[in-house]
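The values are calculated or read from the model by the stated rules, or taken from the named source; none is laboratory data. This is a predicted model, so every value here is computed, not measured. Methodologically, a virtual Cβ is constructed for each residue, glycine included, from the backbone with ideal geometry; neighbour enumeration extends over all protein chains shown.
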């Protein structure tokens, strides 16, 4: 039940952050315009490189290590302080390099400084510790409060195009104060550090092994916006940012299961319960198929009119981009599930690194010609190609350990139900004017069409849901 409880906490938060952009994105896109949105996207993409190199894979590594030793308070405290102090040191080095970079660049100085609070925030981020303990309640409640405060600040302080710096500062400081707020809960879990007993360097090599795939992941998460800003202009970076943001917000519902399951899978692996490890994978695979396919088809169905209604005429092209990128909801859902739920907890880091590194290379190689010839559409196509590479390779790597056919049990039924839902929703989208009411109507009708056909086809995950409800009732 703890897994379900954590998933519901995480899912509740993901639904909440789905609602936040429904309020802020239309406002910000109209107040700041495509150029303001693009400046934020471009400068933030640069800052993410410093955060990445300062973090050196510590968040994922720390999550796993805490899961390994969470039943031993002495070892838990020692591990926490070793990883935390190591992160302070690496973030400090990253910030020094950022200052050097700032002296070399001539554009957007004030915006870079406002964004740089995110680098400091990364030093104080200990959410990985609570995730390793499978205590998602603390981080979810913290995120609720931070999001609400930042919402209030955005609507009261960001009024016109000249307020882009204020907008960036609100986002950066909310992240910093949110991370600092978690430190008040530590006393219950860890003891004061004994500096003489700490061995920081033993964590350096394994965290770097996880850092390499994170570099690759960051390349195709951020590089698109950086390259678009340099090649096609900050407006193109803004279009990609908002298209990608909508897709990733919806994707968060799917990937929340991987976030919740990583510490549990690490603990199961540490106890050598391989049968349970595989069982969790098959259930998670059914969940990914059941939920990611309708989300992908649903977004593609409403995207054209939704983009104009939601973000304004200036962002009309994002409808086309979202249609192309919607398939990554399914692809990344599977990639995160295999990587975070299986390869990382079972110490198969080399395979995970190879998959995401090759996908980053595909993204890099395709980006240059596609952006030059197709602009922002080319960057979106490159993103899809890279995700196909990553997920495809990870499936190949686990084929001898996990029964792939069982992971995709009833797959054609999910696709058939999803495509039927797409046709229904697209018909409604074509004949109705886009308003909040018609959007809700399209979502509800699409959901009923999908679930109804899933029930009629007796898709495998329906049976899992029924069995779970029976267990809860008993």
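For the range 422-459: of the residues being crowded, with 17+ Cβ neighbours inside 10 Å and closer than 23 Å to residue 407 by Cα, which is nearest to the chain's Cα centre (by Cα)?
Among them, the one singled out is 450.
What number of residues within the range 440-461 are without any contact (Cβ under 8 Å) to a residue 60 or more places away in the chain, in a helix (DSSP H, G or I) and farther than 15 Å from residue 429 by Cβ?
7
Suppose we keep only residues that are assigned to a loop (DSSP other than H, G, I, E, B), touching a helix residue (DSSP H, G or I) at 6+ places or on another chain (Cβ under 7 Å) and surrounded by fewer than 22 Cβ atoms within 10 Å (Cβ to Cβ) within the range 322-347. Which one would you say is modelled with the highest pLDDT?
Here is the first cut: in the range 322-347, the residues assigned to a loop (DSSP other than H, G, I, E, B) are 326-327, 344-347.
Adding the requirement that they be touching a helix residue (DSSP H, G or I) at 6+ places or on another chain (Cβ under 7 Å) leaves 326-327, 344-346.
Next, only the ones that are surrounded by fewer than 22 Cβ atoms within 10 Å (Cβ to Cβ) stay: 327, 346.
Numbers: 327: 91, 346: 78.
Looking at residues that are assigned to a loop (DSSP other than H, G, I, E, B), touching a helix residue (DSSP H, G or I) at 6+ places or on another chain (Cβ under 7 Å) and surrounded by fewer than 22 Cβ atoms within 10 Å (Cβ to Cβ), I get 327.
Sort out which residues of the range 374-399 are within 30 Å of residue 458 (Cβ to Cβ) and either in contact with a strand residue (DSSP E or B) (Cβ under 8 Å, 6 or more places away or on another chain) or assigned to a loop (DSSP other than H, G, I, E, B) (or both), and write them in order of number.
398, 399
Could you tell me which residue of the range 182-197 is modelled with the lowest pLDDT, considering only residues that are surrounded by 15 or more Cβ atoms within 10 Å (Cβ to Cβ) and more than 22 Å from the chain's Cα centre (by Cα)?
Among residues in the range 182-197 that are surrounded by 15 or more Cβ atoms within 10 Å (Cβ to Cβ) and more than 22 Å from the chain's Cα centre (by Cα), the one modelled with the lowest pLDDT is 193.
Is the range 357-373 home to any residue that is part of a loop (DSSP other than H, G, I, E, B) and over 18 Å from residue 324 (Cα atoms)?
no
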